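Encoded as structure tokens, here's the structure I'll be asking about.
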Amino acid sequence: MGKDLIEELEVVYTEQKRLDELEDLLRTMRSIAIEATTCGDKRRVQLQEQFHDLQARVTYLEAKKREPFRQSTTN
């Protein structure tokens, strides 16, 4: 039983780290979107590239974060 609790805590800890990173990414994306509304075209293109890179990372984290949850609920 103690081993199961430790494993569950590890899953929760890992999940929290992913959620923290996801929150940071979303905040950065928000800042980029705000800046893009007031900058010139050249800068906007750069920001759009950064935004798309961050969006890909968010997609990756969302897919990755679902996996441990599925594993822990099937056990």
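If you scan the range 18-36, which residues turn out to be without any contact (Cβ under 8 Å) to a residue 24 or more places away in the chain and under 14 Å from residue 48 (Cα atoms)? Write out each step before concluding.
Residues of the range 18-36 that are without any contact (Cβ under 8 Å) to a residue 24 or more places away in the chain, as a first pass: 20, 23-24, 27, 30-36.
Hits for the range 18-36 are 30, 31, 32, 33, 34, 35, 36.
If I ask for residues that are open to solvent by 80 Å² or more (accessible area, probe 1.4 Å), under 15 Å from the mean Cα position of the chain (by Cα) and at pLDDT 95 or above, which ones from the range 4-37 would you list?
23, 24, 26, 27, 30
Condition check: surrounded by 12 or more Cβ atoms within 10 Å (Cβ to Cβ) and modelled with pLDDT of 90 or more. Does residue 49 satisfy that?
Values: surrounded by 12 or more Cβ atoms within 10 Å (Cβ to Cβ): no; modelled with pLDDT of 90 or more: yes.
No; evaluated as a whole, the condition is false for this residue.
The values are calculated or read from the model by the stated rules, or taken from the named source; none is laboratory data. For clarity, every value in this text was computed on a predicted model and none was experimentally measured. All Cβ positions, glycine included, derive from the backbone under ideal geometry; neighbour counts span all protein chains shown. Only protein heavy atoms, including side chains, enter the accessible area calculation; ligands, DNA and RNA are left aside. Shrake-Rupley method; radii C 1.70, N 1.55, O 1.52, S 1.80 Å.
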